Every structure is written in C-alpha cells, then in structure tokens.
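Student: Take a look at the following structure, please.
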Amino acid sequence: MKRFALVLTGLSALALTACASLAPYGAQRGPGGQGYAEQRIESNRYRVTYNGVGPAGRVADWALVRAADLTTEQGYDWFEVTQSWTDGRLNGGGGVRPSVSIGGGSSRYGGYSASGVGVGLGLNFSGPEPTSTTLEIVMGRGAKPDRPNAYDARSVQASIPR
C-alpha cells in the first residue's frame with residue numbers, strides 16, 4: 001500500500017508539472033504572459049526579455065534566440081551581450097527530484113553509535129515557477145568580434161531548437 005501511495009504521489013506531481021510549462025517560442029501576449037519582448041535603446045542596441053515558466057536554462061536559450069532573430073531582422077550579422085539578468089530559480093521546473101543523504105550520530109545514553117544512508121524523493125507540488133531572462137545587446141555587421149559574449153546570429157538560430 002505504501003508503494004502504491006508513493007507511485008500515486010509521483011504521478012500527481014508529474015501531472016501538476018505538465019499543467020504549467022513553457023509555452024512555444026513566440027512573442028509575449030499581454031502583461032505577465034510568456035514569450036519575448038524587446039525595447040530599442042539605440043539604432044543597434046536593444047533590451048530583449050524572454051518570460052517563461054520552468055527551468056531558467058531554456059528561457060535563457062530562447063532569449064538568445066530572440067536576440068539572434070532580432071539581429072538578422074535588423075540586417076546585422078552578430079550581437080554582443082553587454083548585460084544580462086535572470087529572475088527565477090535555476091531549477092524552478094517543479095516535479096520530482098531524487099536525493100541521497102548519508103548521516104551518522106552518537107549518543108551518550110547507552111553508549112551506541114549509528115550511521116545510515118537515506119534515499120529521498122523531493123516533490124514540488126507548486127509546479128514550475130515563472131522565470132525571465134533579459135539581455136542587453138549591441139548588434140554589428142561583418143566578422144564577429146573575438147569576445148566571449150559575442151555571438152554569430154545565424155549560428156545561434158541554427159544551434160538552439162525552437
């Protein structure tokens with residue numbers, strides 16, 4: 001019966017996780033919605049934000065994709081991230097997380113000592129959490145600069161699936 005209850009709990013957590021997930025790549029539709037939005041700062045400088053639900057890594061990838069799309073739409077070849085911000089928990093995907101712990105202890109009463117290994121199952125019943133990534137980018141033409149935060153726009157578009 002305990003095994004059945006554990007399986008049922010795990011399935012419930014997975015069902016809750018499926019209810020709130022990252023929407024398909026696209027423009028943000030309304031305040032607080034998922035998707036991208038951008039703000040022009042100068043002719044070749046933009047602030048790109050991607051809002052989503054779930055792990056911050058996927059949302060950050062889609063912010064890069066939007067920066068690449070915007071770069072090619074504006075007729076540029078590369079972009080450089082000059083600043084970036086991420087809001088949300090890095091592992092905010094919700095669901096089931098296994099864990100292992102090792103512990104030990106002793107007591108003066110009775111003079112014994114004990115140790116053990118535990119296996120746990122962490123459940124996040126609140127589901128995936130909102131997260132966002134904002135990039136401030138500068139766009140350029142020609143050869144991409146040899147700097148760690150500079151990206152070839154077409155390479156980003158080709159390497160990150162939507």
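The values are calculated or read from the model by the stated rules, or taken from the named source; none is laboratory data. As the structure is a computational prediction, the values presented were derived from the model and not from experiment. FYI the Cβ positions are ideal-geometry reconstructions off the backbone, even for glycines, and counts take in every protein chain you see.
Per-residue answers, yes or no, for (1) farther than 20 Å from ARG58 by Cβ; (2) of a type outside the set (Val, Ile, Thr); (3) at pLDDT below 85; (4) loosely packed, with under 13 Cβ neighbours inside 10 Å:
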position	(1), (2), (3), (4)
VAL81	no, no, no, no
TRP85	no, yes, no, yes
GLY92	no, yes, yes, no
TYR109	yes, yes, yes, yes
GLY116	yes, yes, yes, yes
VAL138	yes, no, no, no
ARG147	yes, yes, no, yes
VAL156	no, no, no, no
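Student: What do you reckon, is VAL59 in contact (Cβ under 8 Å) with a residue 24 or more places away in the chain and in contact with a Pro (Cβ under 7 Å, 6 or more places away or on another chain)?
Tutor: Criteria not met by VAL59.
Student: Scanning region 21-61 for residues that are farther than 18 Å from GLU136 by Cβ, assigned to a strand (DSSP E or B) and aliphatic (A, V, I, L, M), which turns out modelled with the highest pLDDT?
Tutor: Filtering region 21-61 for residues that are farther than 18 Å from GLU136 by Cβ, assigned to a strand (DSSP E or B) and aliphatic (A, V, I, L, M), the one modelled with the highest pLDDT comes out as ALA27.
Student: Next up: Starting from region 127-154, keep only residues that are on the phi > 0 side of the Ramachandran plot, then list their pairs with residues that are part of a loop (DSSP other than H, G, I, E, B) and modelled with pLDDT under 95 whose Cβ atoms are within a distance under 6 Å, requiring at least 6 positions of separation or different chains.
Tutor: GLY127/ALA20; GLY127/GLY94
Student: Further, regarding this structure: Can we say VAL100 is assigned to a strand (DSSP E or B), at pLDDT 55 or above and at negative phi?
Tutor: Against the criterion (assigned to a strand (DSSP E or B), at pLDDT 55 or above and at negative phi), VAL100 does not qualify.
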